[in-house]
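The values are calculated or read from the model by the stated rules, or taken from the named source; none is laboratory data. All values reported here derive from a predicted model rather than from experimental measurement. For neighbour counting, all protein chains shown are included, and Cβ atoms are generated from backbone atoms with ideal geometry for every residue, glycine included.
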Amino acid sequence: MTEYFPEVEGPIPYDPQRTRVGARTRRPLAFRWYQAQRKIRGQTMECRLKFAMAYWHTLRGAGADPFGLDAVYDRDWTRGDSPLVAAKHTLDAAFELLTKLGIRYYCFHDRDLSPEGATPRETRRNLERMVELAADRQEQTGVRLLWATANLFSHPRYTHGAATNPDPRVFAQAAAQVRQALDATRRLGGTGFVFWGGREGYTSLIHTDMQQEREQLAAFLHLAVDYAKSSGFEGQLFLEPKAREPTVHQYDFDCAHCLNFLREFDLFDHFLLNVEANHATLAGHSFEHELLTAADAGKLGSLDINRGVEGVGWDTDNFPVDLRECVLALAVVDHAGGLPWGGLNFDAKVRRGSFRPLDLFFAHVGAMDIFARALLVVERMRADGILGRGGRLLRERYSGYRRGVGRRILRGEMSLLEIEAWAERVGEPPLVSGRQEELETLLNDYLYCTELD
Ligand code: XUL
Ligand code: CO
C-alpha cells in the first residue's frame, strides 16, 4: 500500500521536553500534554477527549478560496484513474494519518467518502462499496466512526436548498441521500448522525416563504427520525447550528434558534446539538455561550472544535490554538457531565499556504495538545472548587435563591404584593462587587501559572 506520509513514522510520541524554552528540540512533532493513556479521574485522556478527524477538510480540502478556486494543497491521494479509485486512495491516506496521529475517531460527509456517480443508482453503489472498505479499515486499525452526515449543499441540485427547496423532487433526492447515509453510519457503528442545514436558509425574502421552508425542514427531520428508529439505528441524531454562510440567514441560526425549532415542530426529544466554535462566532456569540445554551437545555451532544479569526466575517475553520477558549469550552462539557454520544471533531482546515501534507500533522498535534492542557486546567479548577460551573463562586453568588424568600419566589409561592411587602421590610440591599477583573486574573493564574505536570 502506498505510504502517503513517509516523513512521519508515527505514532506521535509524548515528550515533555518539547516546549523547553530555548532548547533546540529534535522532536517538534511530539505531544507536550496529550497522553492518550493518562488517567484523569479514572478515565483516560483519550476517552475524555474523543478527538475526531474531519474527513472533508483534512483529506478532501484543496486549499481553495473565493479568489483561488484551483487546488493548492499537495495531496497525492486525491488522484486516481477514476473517482472511485481516488476515493480508495483517500481512504488509505485517512487511516494512515489517523493511525500515525493516534486519533481514534473520524467524521465524514457521504460525498467525501465516496463520489457522486453518473446516476443515483451508481452513486448509491459507490457509497455502499466505500462503506465496506471503511468497515475493513476500522476493523484493522481500531479507529471508529464518531458521526457521519449527508452533504446536501455541494451538488448544483441543492442550489436553492435541500429539504427547504421549493421543488419536492429535490427534497426527494435529499431524502434518499439521508436514508443511505444513515444506513452507512449504522453499518460503520457511528454513534451519531449530524444534520447541518448547508443551504437550508434564505438569501432574499422576496422569493422565500420562510414558514413554508421551516415546515419542510421539520417534515424532513421527522422522516429521518422515523427511519432511524425503524431501521435499528442506535446512534444519536444531532442538529448543528450555523448563523449564515452559504445562505444569508440559516434556519438553524444558533443554539437558541435550534432549540426553538425543535420545540415548535415536536422534534425536541429526538435531537441533541452539535455545537461548533466558528459557528458561534458567526452568530455573534462565544463558543462558551453556545455550549452553555445547549447544555442548560440538556441538549449538548458533540463539539466541532475549530476557531474563527477575529475581524473576519466568515467561517475560517482554523485549528484551535487558544488555551482560554478551550478551557472555557471544556468547563461547560464537564459541567454537562461529558459527551456520551459525541466527541471533539476538529472540523478545521490548514491555511491555504500550509499546503504540505506535514502541515496536517502539526495542525492536529497542536490542537490535541492544547485541548489536553485545557483538560488538565479544568480538572485543577474543579478540584479547587472555586471557578467553573459547579464552583463555589457561582453557588455563593446565587445563594439567596436557595433559601427563604428567594427560594419561594422561584417556586412561584409568592405573589407580587407579598414580594413588595418583603422589599419594604428588608430595605435597600447592599451593592456587591462583581469582582470581574479579580476573577479574570484568577482564571489567568489557572491558565498560565499553575503547574500541571
Ligand atoms: C459547515 C460545517 C459542516 C458540518 C457538517 O460549516 O461545519 O461541515 O460540521 O456538515
Ligand atoms: Co461543523
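For this structure, a couple of remarks:
- Qualifying residue in the range 53-66 (condition: away from ligand 1 (no atom under 16 Å from the Cβ) and of a type in the set (Gly, Ala, Ser)): yes
- Evaluation of Leu282 against the conditions (1) within 12 Å of ligand 2 (Cβ to nearest atom); (2) touching a Phe, Trp or Tyr at 6+ places or on another chain (Cβ under 6 Å) shows that the sole unmet condition is (2).
- Pick from the range 156-184, criterion hydroxyl-bearing (Ser, Thr, Tyr) and assigned to a loop (DSSP other than H, G, I, E, B), ranking: surrounded by the fewest Cβ atoms within 10 Å (Cβ to Cβ): Thr159
- Qualifying residue in the range 234-249 (condition: surrounded by fewer than 17 Cβ atoms within 10 Å (Cβ to Cβ) and within 16 Å of ligand 2 (Cβ to nearest atom)): yes
- Within the range 405-452, the set of residues being surrounded by 11 or more Cβ atoms within 10 Å (Cβ to Cβ) and assigned to a loop (DSSP other than H, G, I, E, B) comprises Met414, Arg435, Thr450, Leu452.
- Complete set of residues in the range 299-309 that are in a loop (DSSP other than H, G, I, E, B), surrounded by fewer than 24 Cβ atoms within 10 Å (Cβ to Cβ) and either touching an Asp or Glu at 6+ places or on another chain (Cβ under 8 Å) or touching a residue at least 12 places away in the same chain (Cβ under 8 Å) (or both): Lys299, Gly308
- Here is the figure for the range 91-122: residues that are over 27 Å from the mean Cα position of the chain (by Cα) and of a type in the set (Val, Ile, Thr) total 1.
- Listed by first and then second residue, the pairs linking a residue in the range 261-272 that is without any contact (Cβ under 8 Å) to a residue 24 or more places away in the chain to a residue that is crowded, with 19+ Cβ neighbours inside 10 Å and not in a strand (DSSP E or B), with Cβ atoms under 7 Å apart and 6 or more places separating them unless they lie on different chains, are Phe268/Leu262.
- Check on Leu291, part of a strand (DSSP E or B) and within 16 Å of ligand 1 (Cβ to nearest atom): no
For every residue, the table says whether it meets (1) assigned to a helix (DSSP H, G or I); (2) modelled with pLDDT under 95.
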residue	(1), (2)
Leu339	no, no
Leu360	yes, no
Ala374	yes, no
Gly388	no, yes
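- Residue check, Asp347 over 30 Å from Glu234 (Cα atoms) and surrounded by 15 or more Cβ atoms within 10 Å (Cβ to Cβ): no
- Only a single item in (1) farther than 16 Å from Phe153 by Cα; (2) more than 16 Å from ligand 2 (Cβ to nearest atom) is not met by Leu273, and it is number (2).
- Tallying residues that are more than 16 Å from ligand 2 (Cβ to nearest atom), more than 16 Å from Phe153 (Cα to Cα) and buried (at least 18 other Cβ atoms within 10 Å of the Cβ) within the range 187-207 yields 2.
- Yes/no for Tyr227 being among the hydroxyl-bearing types (Ser, Thr, Tyr), touching a His at 6+ places or on another chain (Cβ under 9 Å) and free of Cβ contacts under 8 Å to residues at least 60 places away in the same chain: no
Rundown of residues vs (1) charged (D, E, K, R); (2) free of Cβ contacts under 8 Å to residues at least 40 places away in the same chain, yes/no style:
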| position | (1), (2) |
| --- | --- |
| Leu152 | no, no |
| Thr164 | no, no |
| Gly197 | no, no |
| Glu200 | yes, no |
| Thr208 | no, yes |
| Gln212 | no, yes |
| Ala243 | no, no |
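- Of all residues in the range 321-343, exactly one satisfies the criterion of being within 16 Å of ligand 1 (Cβ to nearest atom) and touching a Lys or Arg at 6+ places or on another chain (Cβ under 6 Å), namely Gly343.
- Elements of type helices (runs of 4 or more DSSP H) contained in the range 15-122, each with 1 or more residues being surrounded by fewer than 16 Cβ atoms within 10 Å (Cβ to Cβ): 45-48, 83-101
- Test: residue in the range 158-180 that is among the hydroxyl-bearing types (Ser, Thr, Tyr) and under 22 Å from Met53 (Cα atoms): no
- In the range 307-327, the condition of being within 16 Å of the chain's Cα centre (by Cα) and within 25 Å of Phe233 (Cβ to Cβ) is met by no residue.
- Flag if Thr316 is within 15 Å of ligand 1 (Cβ to nearest atom), surrounded by fewer than 20 Cβ atoms within 10 Å (Cβ to Cβ), closer than 21 Å to Val194 by Cα and free of Cβ contacts under 8 Å to residues at least 60 places away in the same chain: yes
- Matching residues in the range 132-155 - criterion: being assigned to a helix (DSSP H, G or I) and either within 16 Å of ligand 1 (Cβ to nearest atom) or buried (at least 23 other Cβ atoms within 10 Å of the Cβ) (or both): Ala134
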